[in-house]
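The structure under discussion appears below in the form of structure tokens.
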Amino acid sequence: MSLSSKSSSGLYSHSSPEKLLEEHLKGVADLVDIFLQEKPNELRNELLQVCKIVALMHDIGKATKFFQDYLLAQQKPKGNEEKYVQHSFISAVCAYFLSGLVTDDKILRLFAYVAVKHHHGDLKDLLEECKLIGEEDRQLLSTQLASIDGDKFLALVNQLADYLPDQKLGLDEIKGWIDSLESELKCMKRSIREFTKSNKNFLPYLKLNLIFSLLLDADKSDVVVRDPNFFRERFSLSGSLVDVHKSKFSFPETPINHLRETAYKEVTERHIDPDEKIYSLNLPTGLGKTLTALSFALKLREKLNSRHRIIYTLPFLSIIDQNSTVFEEVLRNNGITVSHKVLLKHHHLSEISYKTPDTEYETTQAKILIEGWNSEIIVTTFVQLFESLISNKNRNLRKFHRIANSIIILDEVQSIPIKYWRVVSDLFYDLTKYFNVYVILVTATEPLIFDRKKLVNLVDNKQYYFEQLDRIYIKPRLKDSLTLEELASQLHKFVDEEKSYLFIFNTISAAEEFYGLISERYGPTTFLSTHVIPRERLDRINAIRKGQYRIVVSTQLVEAGVDIDFDVVVRDMAPLDSIIQSAGRCNRNSKNPSGKGEVLIFSLKDDRGSHYHSYIYDPILTDVTRKILEKHDGIPESKIASLIEEYYSEVESRKFKDEEIIKAIKCLNYYSNSTDSYSVSDFRLIENFPEVNIFIEFDDEAKFLWREYLSLSKDEDPFSRREKFDSIKGDFYKYVVSVPEKSKNLPPPNDQQWFRYVPREQLEQYYDLKTGFITKNDSFYIF
């Protein structure tokens with residue numbers, strides 16, 4: 001029976017809740033259009049029509065009888081049925097051929113094909129995508145096509161008529177596309193080989209990521225959020241927010257406060273040229289770089305008269321909460337209701353909560369909104385940012401499109417490993433050129449990641465600020481290497497009961513051993529490492545800020561950005577930029593009554609004579625550092641800028657070149673099974689060592705959370721289970737520590753495969769209330 005052009009197709013894309021296929025396809029196309037409105041004009045104009053085809057075709061394969069029966073049955077298909085239910089391949093074929101009606105660019109057509117084919121998975125090597133299909137693939141596509149109800153499909157196409165180009169989309173056309181697919185892929189394989197040989201930049205990679213990201217975000221958002229107006233509504237932010245915030249406070253007239261204000265005004269009152277894209281804010285620690293960077297970003301956004309999202313990134317989780325709290329205060333002091341649509345904190349342990357002034361979204365919706373970076377200011381980690389930029393993973397790339405037309409602040413930028421300097425600089429140069437991205441580098445030790453000639457310095461004479469400071473004196477004590485026992489035995493020579501001390505070690509085992517040697521000798525002492533549960537760790541940092549501990553023994557987790565202050569910092573040997581960051585925890589507010597703070601640098605070794613720094617740092621970096629420090633008996637703060645310049649110049653000339661990842665990006669090699677071939681999927685900003693997550697039943701709240709977690713196993717629906725876990729995840733992870741998989745003191749495995757469990761009655765065996773998880777005979781573990 002023939003159906004009218006306005007009739008419903010009777011085909012569905014989702015069953016819970018029910019959604020007509022045409023409504024979902026149009027909804028995704030509408031969201032893609034909304035998202036593209038926020039992108040640079042040239043990019044939007046080039047990709048709009050292709051992205052619309054991708055959106056409209058991504059689930060067209062759900063029209064098969066196999067998929068419709070699966071939805072109706074609401075149960076997983078069995079055996080051979082499963083492959084016929086899959087819809088992405090036939091949908092990708094339609095996207096490839098239909099996109100040929102709106103572009104002559106063969107590579108863009110391939111991108112459309114790949115984006116649709118993998119919208120429920122991860123991206124692969126593009127050459128692999130062009131491999132010839134076999135008889136089994138042809139039979140699969142033909143069988144799926146033959147199962148489609150012709151009348152319902154005609155009704156579906158009529159419903160999409162206003163969205164599709166002026167070309168008939170029918171079952172006969174699709175049959176012809178299937179028949180010619182093999183010859184098309186053969187031609188495409190030649191084209192992609194020629195293309196990757198001649199490709200000189202990252203733009204093709206960025207375009208494919210963008211198309212893929214737009215589809216992923218629109219697809220998930222249409223199903224879960226269901227209100228396109230949510231994404232149209234944006235929040236304007238004044239460029240003077242931080243100015244108003246600062247005006248609410250009065251600060252004493254001290255030299256350090258005068259210097260902070262001088263730096264703030266120099267940065268925020270400078271002329272902004274929209275054609276300048278990469279900025280550097282290089283100031284000593286303790287001069288208010290966080291608020292200064294945010295203020296400049298807001299003023300830049302206002303100058304651009306745009307809706308650039310501000311993405312504030314930091315290297316460590318330990319300072320995410322600290323900076324987010326500061327930003328919340330800025331908003332409140334401007335009379336702005338703090339909602340997640342204005343300020344969003346995102347990392348892998350984030351609480352799954354998303355609230356606006358009018359609505360508190362349920363967990364599934366909240367997760368989609370958070371992971372899609374739906375906010376004006378996003379505070380996140382380097383890992384989240386770089387996993388969005390250099391990845392083949394569906395879950396990582398979904399938020400990639402938010403990076404176009406954004407202002408990215410890289411705070412503590414020196415934390416980026418030197419081996420990735422080249423790929424990071426190349427990537428950001430292309431993002432600024434093609435995606436209209438602005439970058440603000442924030443650091444006390446400006447690394448040579450970017451060509452200095454391409455940077456705009458936000459302070460004209462950074463040396464001036466270093467020279468004005470006289471808060472600390474660095475004393476290298478590197479002539480002889482010491483064991484931890486020898487260091488502990490020397491403390492009486494320099495420990496003053498009127499001063500506070502921070503000891504920073506390179507490994508957890510070293511920190512634990514030293515804490516055991518001194519904890520009962522010098523008054524209130526505490527310990528910090530990632531083997532202490534996050535809840536307790538945060539409580540200790542807050543207590544340190546209040547001055548409750550005179551002695552703190554820690555790993556490097558306090559090194560960058562954590563706002564704590566000591567009279568003396570004792571640091572194990574490390575690269576010079578790490579030493580300078582550690583020194584930033586010393587006399588940062590110039591409150592030491594005796595004048596300067598001291599930073600003592602020792603070279604510590606274990607019982608086997610191996611230096612602890614050799615376990616975790618590149619020997620090139622520590623070798624360069626040692627040669628610089630050995631030239632000096634002592635280093636005043638005013639000389640730090642020139643020393644760090646010498647350090648980075650020497651390191652830059654000796655650094656490793658990251659050619660493999662650059663080649664993988666330019667060749668669009670997202671994934672490879674071969675161990676001989678480096679692919680995008682191999683990129684790790686931080687090297688991952690096999691770890692085990694362990695839940696510590698530390699108190700009554702932990703006991704309650706573990707019971708809640710166990711109750712999830714009764715829910716047979718995996719999506720429902722995940723949603724319920726997300727609702728407790730933020731609190732649950734406050735009691736989780738990650739330890740080496742090879743540790744000799746792991747609690748036994750249990751039915752809960754993701755977490756091992758330490759009940760309260762077994763704490764003594766596995767968890768020390770002072771130093772955290774008890775590892776036995778582990779040679780080293782960092783942080």
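The values are calculated or read from the model by the stated rules, or taken from the named source; none is laboratory data. On a predicted model such as this, the values are computed, not experimentally measured, just so you know. Reconstructed Cβ throughout: ideal geometry from the backbone, glycine too, with neighbour counts over all protein chains shown.
Overview of results
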| item | result |
| --- | --- |
| Enumeration of residues in the stretch 281-320 that are of a type in the set (G, A, S) and over 21 Å from the mean Cα position of the chain (by Cα) | G286, G288, S295, S306 |
| Number of the exception - D358 against (1) over 22 Å from L216 (Cβ atoms); (2) at pLDDT 95 or above; (3) in a loop (DSSP other than H, G, I, E, B) | (2) |
| Among the candidates D606, D676, D682, residue that is outside the structural domain of D451 (by TED's automatic domain parsing), out of contact with any Gly (no Cβ under 7 Å at 6 or more places or on another chain), among the acidic types (D, E) and in contact (Cβ under 8 Å) with a residue 60 or more places away in the chain | D606 |
| Counted residues, the stretch 24-37 - those being surrounded by fewer than 19 Cβ atoms within 10 Å (Cβ to Cβ) and touching a residue at least 40 places away in the same chain (Cβ under 8 Å) | 3 |
| Qualifying position, being part of a helix (DSSP H, G or I), farther than 19 Å from L21 by Cβ, in contact (Cβ under 8 Å) with a residue 12 or more places away in the chain and not assigned by TED's automatic domain parsing to the domain that holds V54, among L208, L185, L140 | L208 |
| Matching residues in the stretch 695-722 - criterion: being touching a helix residue (DSSP H, G or I) at 6+ places or on another chain (Cβ under 6 Å) and hydrophobic (A, V, I, L, M, F, W, C) | F695, I696, F698, A702, L705, L712 |
| Boolean, F698 is more than 21 Å from the chain's Cα centre (by Cα), within 30 Å of K355 (Cβ to Cβ) and without any contact (Cβ under 8 Å) to a residue 24 or more places away in the chain | no |
| Given (1) closer than 28 Å to E266 by Cα; (2) in contact with a Lys or Arg (Cβ under 9 Å, 6 or more places away or on another chain); (3) modelled with pLDDT of 90 or more, index of the condition N457 fails | (2) |
| Number of the exception - V338 against (1) free of Cβ contacts under 8 Å to residues at least 12 places away in the same chain; (2) outside any loop (DSSP other than H, G, I, E, B) | (2) |
| Yes/no for R270 being in the same structural domain as A404 (by TED's automatic domain parsing), within 30 Å of P636 (Cβ to Cβ) and without any contact (Cβ under 8 Å) to a residue 60 or more places away in the chain | no |
| Single residue of the stretch 281-331 satisfying the filter (among the basic types (K, R), touching a helix residue (DSSP H, G or I) at 6+ places or on another chain (Cβ under 9 Å) and buried (at least 18 other Cβ atoms within 10 Å of the Cβ)) that is nearest to I541 (Cα to Cα) | K289 |
| Count - residues of the stretch 50-102 that are crowded, with 23+ Cβ neighbours inside 10 Å, among the aromatic types (F, W, Y) and closer than 22 Å to S9 by Cα | 1 |
| Residues that are of a type outside the set (D, E, K, R) and touching a Phe, Trp or Tyr at 6+ places or on another chain (Cβ under 6 Å), drawn from the stretch 643-667 | I661, A664, I665 |
| Test set (1) in a strand (DSSP E or B); (2) loosely packed, with under 14 Cβ neighbours inside 10 Å - S489 fails condition number | (1) |
| Count of residues meeting criterion [of a type in the set (S, T, N, Q), surrounded by 11 or more Cβ atoms within 10 Å (Cβ to Cβ) and within 23 Å of S324 (Cβ to Cβ)] in the stretch 241-259 | 0 |
| Qualifying positions in the stretch 506-536 - of a type in the set (F, W, Y) and farther than 22 Å from Q322 by Cβ | F514, Y515, Y522 |
| The stretch 85-96 residues that are in contact (Cβ under 8 Å) with a residue 24 or more places away in the chain, paired with ones that are crowded, with 24+ Cβ neighbours inside 10 Å and part of a loop (DSSP other than H, G, I, E, B) (beta carbon under 6 Å, 6 or more apart) | S91/H58 |
| Residue in the stretch 143-153 that is closer than 22 Å to V28 by Cβ, crowded, with 18+ Cβ neighbours inside 10 Å, in the same structural domain as F67 (by TED's automatic domain parsing) and touching a Gly at 6+ places or on another chain (Cβ under 6 Å) present | yes |
| For I620: the one exception among (1) more than 19 Å from V424 (Cβ to Cβ); (2) in the same structural domain as P575 (by TED's automatic domain parsing); (3) without any contact (Cβ under 8 Å) to a residue 60 or more places away in the chain | (1) |
| S238 surrounded by fewer than 20 Cβ atoms within 10 Å (Cβ to Cβ) and either without any contact (Cβ under 8 Å) to a residue 40 or more places away in the chain or under 25 Å from T363 (Cβ atoms) (or both) | no |
| Qualifying residue in the stretch 460-469 (condition: touching a strand residue (DSSP E or B) at 6+ places or on another chain (Cβ under 8 Å), part of a loop (DSSP other than H, G, I, E, B) and basic (K, R)) | no |
| Qualifying position, being more than 17 Å from K62 (Cα to Cα), at pLDDT 95 or above and not in a helix (DSSP H, G or I), among D122, D104 | D122 |
| Residue within the stretch 312-321 that is of a type in the set (A, V, I, L, M) and modelled with pLDDT of 95 or more present | no |
| Residues located in the stretch 603-615, provided they are crowded, with 22+ Cβ neighbours inside 10 Å and part of a helix (DSSP H, G or I) | H613 |
| Candidate set from the stretch 552-602 (those that are charged (D, E, K, R) and in a strand (DSSP E or B)); member that is surrounded by the most Cβ atoms within 10 Å (Cβ to Cβ) | D572 |
| Those residues of the stretch 374-422 which are assigned to a helix (DSSP H, G or I), modelled with pLDDT under 95 and of a type in the set (V, I, T), in sequence order | V383, V413, I418 |
| For F195: the one exception among (1) among the hydrophobic types (A, V, I, L, M, F, W, C); (2) touching a helix residue (DSSP H, G or I) at 6+ places or on another chain (Cβ under 7 Å); (3) surrounded by fewer than 21 Cβ atoms within 10 Å (Cβ to Cβ); (4) in a loop (DSSP other than H, G, I, E, B) | (4) |
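For (1) out of contact with any strand residue (DSSP E or B) (no Cβ under 9 Å at 6 or more places or on another chain); (2) at positive phi; (3) of a type in the set (A, V, I, L, M, F, W, C), each residue gets a yes or a no:
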residue	(1), (2), (3)
E18	no, no, no
F35	yes, no, yes
D59	no, no, no
P77	yes, no, no
N80	yes, no, no
